[in-house]
């Protein structure tokens, strides 16, 4: 059972509709007891880092999410959902993320570019070996995906980075650490290729 985590924020229905379009059964839930039964977890995100952490705490979801990740359940964080995997964010000083991935979330500070970074941009795969293609299997290097964010993830270990994207700087547009994946772009808004990436995860 694939669970889409409901923490009062995020484009839950868009992600659920994308899964349904792919013929995959999913369930939206904010109940720890239901999430604990998940065989896959999708953690979509739109909004503020601190607000998301507050809502997760309010629903007592942080312990079960960490437990499922530790148990090896495939986990996909989307946009803010990816950022929440990190230890902290410049968007919310003093607020701790899940701390699953070592590193921080930083703000775009290149004043020559419009922030937020919004719209279509290219995703470059760091490693072209077939065994590392991962959720990008069947997606050409340099393909375009849809972004909407003012902050970007900076992992401590570069080996966790699956793809990079350039917006003034090269930043991690996706990552993998064991059974945890994160994508900064929105696969549910990225048309055919976004659905391909999402389908690859759901088929793991």
For this session: Name the residue, out of 56, 85, 76, whose mean-square fluctuation peaks in a Gaussian network model built on the chain with Cα pairs under 10 Å.
Result: 56
Problem set entry | For peptides 15-26, 180-191, sequence by mean Cβ density within 10 Å, most packed first | 180-191, 15-26
Exercise. How would you rank 89-97, 160-168, highest first, on the average number of other Cβ atoms within 10 Å across their residues?
Worked result: 160-168, 89-97
Problem set entry | Extent along principal axes [Cα atoms of region 1-130; Å; largest to smallest] | 46, 37, 30
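Where does each of 141-147, 77-83 land if you order them by average Cβ count within 10 Å, highest first?
77-83, 141-147
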Problem set entry | Choice from 28, 114, 69 with maximal GNM fluctuation in the chain (Cα, 10 Å cutoff) | 114
Problem set entry | DSSP-defined beta bridges in region 2-202 - what % are antiparallel, rounded to 5 | 60
Problem set entry | Residues in region 4-32 that a label on residue 95 would reach, taking backbone N under 19 Å of a point 7 Å out along Cα→Cβ | 5-12
Exercise. In Å and whole numbers, how far do the C-alpha atoms of region 59-152 stretch along each principal axis, longest first?
Worked result: 38, 38, 21
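None of the figures in this text is laboratory data; all of them are computed from the coordinates on show. Everything numeric here is computed off the predicted structure, so don't read it as measured data. Please note: Cβ atoms are built from the backbone with ideal geometry, for glycine as well, and neighbour counts cover all protein chains shown.
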